[in-house]
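Colleague: One structure follows; several queries about it will come next.
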Amino acid sequence: MGSDLNPADRLGKAAAAAGAAGLDALLLTPGPDLRYVAGYDAHQLERLTCLAVPADGDPFLVVPRLELPAALASPAGGLGLDLIAWDETDDPYTLVAGRLGAASAVGLSDRMWALMVLRLRAAMPAARQEVASLALRDLRARKTPAEVAALLAAGEAIDRVHARVPGWLRPGRTERDAAAGICDAILEEGHASVDFAIVASGPNAASPHHTAASRVLQPGDAVVVDIGGTMPSGYCSDCTRTYVIGAPPSDFAEYYQVLKDAQDAACAAVRPGIAAETVDAAAREPIAAAGYGEYFVHRTGHGIGLESHEDPYIVAGNTEPLAAGNAFSVEPGIYPGPHGARIEDIVVCTPEGCQRLNNVTRELVTVATR
């Protein structure tokens, strides 16, 4: 059983990866690790849901009895897993520890809640706790063709939203009003949920993670719009475009072209075998050469998949080589003060080089003032 996005061999691959990482088992609670390995998008609850994947042995899924129907209805229900339901008066941590047996090291979901980490520690005091990404990182970072297709669908959906964005960037509206319309459009264009909608206008465009506020859009504003959501598949979108309302501020068009050239250069550098930091350097060099280096204040990119931020990270110091199937953002920015700009696409490293998953125009879009 299984599907293209949730292949049945993931459990075996996860078990092998755990063994290779020196772990006796992976313990995966609700979140992206559990969804990746078993296809179960479980609710985050104080009641323990935990998939145990021994490096040597049969995997099993412990769930609260009231969550058993949902677990059975999920892709995990078709994997032949032993599903163990626990009742309100049971101790599920002792149940996991007893079923797992002696373990000297376990890998816990990177996003496991602290209360569960500590209770598992108490139930298995002899087991060293590590993060599950020690085993799962490379598996999750190399996207399969089905995962790339899911990310492409997410990219196409967010591109459709960006094509509609000028309609919300009218003078007299607030950033918050524009963001509300954009959020509605993210859902209308096929996402299951909205993850973020940055609308940063005028001086706020110089703040890379600005939260849409009550500032009123004005003629002459540069507006950075960074938006993303999660598709029904679980895979995420993330795309930034910069707009200008009417005539751009002085010097803005000049450095926007520098930014566009830098983003193109970084995408052109992508290929298997080069260090992640090489892509960062390719984006940074033309920006620094034009005198704007001090205004590029963040890394060039981050991986994306079942999380909007995951491995690999495109940043100086990351010497790990890119591999075919890696999916990540390329998003240089220049933020000199009275305004700023960013261009972001999700790309996939292919055997031939780089495939962009966002294809809405990267040219500066001028919004009419009336």
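Colleague: Condition first: touching a helix residue (DSSP H, G or I) at 6+ places or on another chain (Cβ under 7 Å), touching a residue at least 40 places away in the same chain (Cβ under 8 Å) and among the polar types (S, T, N, Q). Now tell me which residues in the stretch 25-52 satisfy that.
Modeller: THR29, the sole residue that qualifies.
Colleague: Identify, please: which residue in the stretch 121-135 is out of contact with any helix residue (DSSP H, G or I) (no Cβ under 6 Å at 6 or more places or on another chain) and in contact (Cβ under 8 Å) with a residue 60 or more places away in the chain and is, among those, farthest from GLU46 (Cα to Cα)?
Modeller: LEU134
Colleague: Would it be correct to say that GLY22 is in contact (Cβ under 8 Å) with a residue 12 or more places away in the chain, of a type in the set (Gly, Ala, Ser), touching a strand residue (DSSP E or B) at 6+ places or on another chain (Cβ under 7 Å) and on the phi > 0 side of the Ramachandran plot? Working first, answer last.
Modeller: Details: in contact (Cβ under 8 Å) with a residue 12 or more places away in the chain: yes; of a type in the set (Gly, Ala, Ser): yes; touching a strand residue (DSSP E or B) at 6+ places or on another chain (Cβ under 7 Å): yes; on the phi > 0 side of the Ramachandran plot: yes.
Against the criterion (in contact (Cβ under 8 Å) with a residue 12 or more places away in the chain, of a type in the set (Gly, Ala, Ser), touching a strand residue (DSSP E or B) at 6+ places or on another chain (Cβ under 7 Å) and on the phi > 0 side of the Ramachandran plot), GLY22 qualifies.
Colleague: Have a look at LEU34, LEU61, LEU45 and point out the one that is under 21 Å from ALA146 (Cα atoms) and not aromatic (Phe, Trp, Tyr). Can you show your working first?
Modeller: Numbers: LEU61 fails: under 21 Å from ALA146 (Cα atoms); LEU45 fails: under 21 Å from ALA146 (Cα atoms).
The match here is LEU34.
Colleague: If you don't mind, another one. Name every residue in the stretch 59-90 that is in a loop (DSSP other than H, G, I, E, B), of a type in the set (D, E, K, R) and either open to solvent by 70 Å² or more (accessible area, probe 1.4 Å) or closer than 19 Å to GLY31 by Cβ (or both), in order of residue number.
Modeller: Within the stretch 59-90, the first condition is being in a loop (DSSP other than H, G, I, E, B), and the residues that meet it are 59, 74, 79-81, 87-90.
Still in the running and of a type in the set (D, E, K, R): 87-88, 90.
GLU88 - this is the single residue of the stretch 59-90 that is in a loop (DSSP other than H, G, I, E, B), of a type in the set (D, E, K, R) and either open to solvent by 70 Å² or more (accessible area, probe 1.4 Å) or closer than 19 Å to GLY31 by Cβ (or both).
Matching residues to (1) small (Gly, Ala, Ser); (2) in contact with a Ser or Thr (Cβ under 6 Å, 6 or more places away or on another chain); (3) farther than 30 Å from ALA150 by Cβ:
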position	(1), (2), (3)
VAL223	no, yes, no
TYR235	no, no, no
PHE252	no, no, yes
VAL258	no, no, yes
ARG284	no, no, yes
TYR292	no, no, yes
PHE296	no, no, yes
HIS309	no, no, no
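Colleague: Moving to a separate point now. Any idea which of THR49, THR29 is within 20 Å of the chain's Cα centre (by Cα), at pLDDT 95 or above, of a type in the set (Ser, Thr, Tyr) and closer than 17 Å to TRP113 by Cβ? Before the answer, list the steps.
Modeller: On the way: THR49 fails: within 20 Å of the chain's Cα centre (by Cα).
Testing whether each residue is within 20 Å of the chain's Cα centre (by Cα), at pLDDT 95 or above, of a type in the set (Ser, Thr, Tyr) and closer than 17 Å to TRP113 by Cβ leaves just THR29.
Colleague: So for the stretch 93-101 (the condition being touching a strand residue (DSSP E or B) at 6+ places or on another chain (Cβ under 8 Å) and over 19 Å from LEU11 (Cβ atoms)), does at least one residue qualify? It would help to see each step written out before you state the result.
Modeller: Taking the stretch 93-101 first, the residues touching a strand residue (DSSP E or B) at 6+ places or on another chain (Cβ under 8 Å) are 95-96, 99-100.
Checking the rest, the ones that are also over 19 Å from LEU11 (Cβ atoms) come to 95.
Taking every residue of the stretch 93-101 in turn, at least one turns out to be touching a strand residue (DSSP E or B) at 6+ places or on another chain (Cβ under 8 Å) and over 19 Å from LEU11 (Cβ atoms).
Colleague: Here is a follow-up. Every residue in the stretch 21-45 that is of a type in the set (A, V, I, L, M) and either assigned to a helix (DSSP H, G or I) or loosely packed, with under 15 Cβ neighbours inside 10 Å (or both), please.
Modeller: Quick first cut of the stretch 21-45, residues of a type in the set (A, V, I, L, M) only: 21, 23, 25-28, 34, 37-38, 42, 45.
Passing the criteria: LEU34, VAL37, ALA38, LEU45.
Colleague: Residue under question is VAL96, and the condition is that it be crowded, with 19+ Cβ neighbours inside 10 Å, free of Cβ contacts under 8 Å to residues at least 24 places away in the same chain, over 26 Å from ARG142 (Cα atoms) and among the aliphatic types (A, V, I, L, M); does it hold?
Modeller: Details: crowded, with 19+ Cβ neighbours inside 10 Å: yes; free of Cβ contacts under 8 Å to residues at least 24 places away in the same chain: no; over 26 Å from ARG142 (Cα atoms): yes; among the aliphatic types (A, V, I, L, M): yes.
Judged against the criteria, VAL96 is not a match.
Colleague: Within the stretch 1-20, take every residue that is part of a helix (DSSP H, G or I) and under 21 Å from the mean Cα position of the chain (by Cα) and give me the one that is surrounded by the fewest Cβ atoms within 10 Å (Cβ to Cβ).
Modeller: Of the stretch 1-20, the ones part of a helix (DSSP H, G or I) are 10-20.
Applying the additional criterion that residues be under 21 Å from the mean Cα position of the chain (by Cα) yields 10, 14.
Details: ARG10: 21, ALA14: 26.
For the stretch 1-20, the residue satisfying everything is ARG10.
Colleague: One residue is enough: does the stretch 160-176 have a residue meeting the conditions under 23 Å from THR366 (Cβ atoms) and of a type in the set (Phe, Trp, Tyr)?
Modeller: There is at least one residue in the stretch 160-176 that is under 23 Å from THR366 (Cβ atoms) and of a type in the set (Phe, Trp, Tyr).
The values are calculated or read from the model by the stated rules, or taken from the named source; none is laboratory data. The structure displayed is predicted, hence computed values, not measured ones. Ideal geometry is used to build each Cβ from the backbone, glycine not excepted, and the neighbour counts take in all protein chains shown. For accessibility, only protein heavy atoms count, side chains too; no ligands or nucleic acids. Shrake-Rupley method; radii C 1.70, N 1.55, O 1.52, S 1.80 Å.
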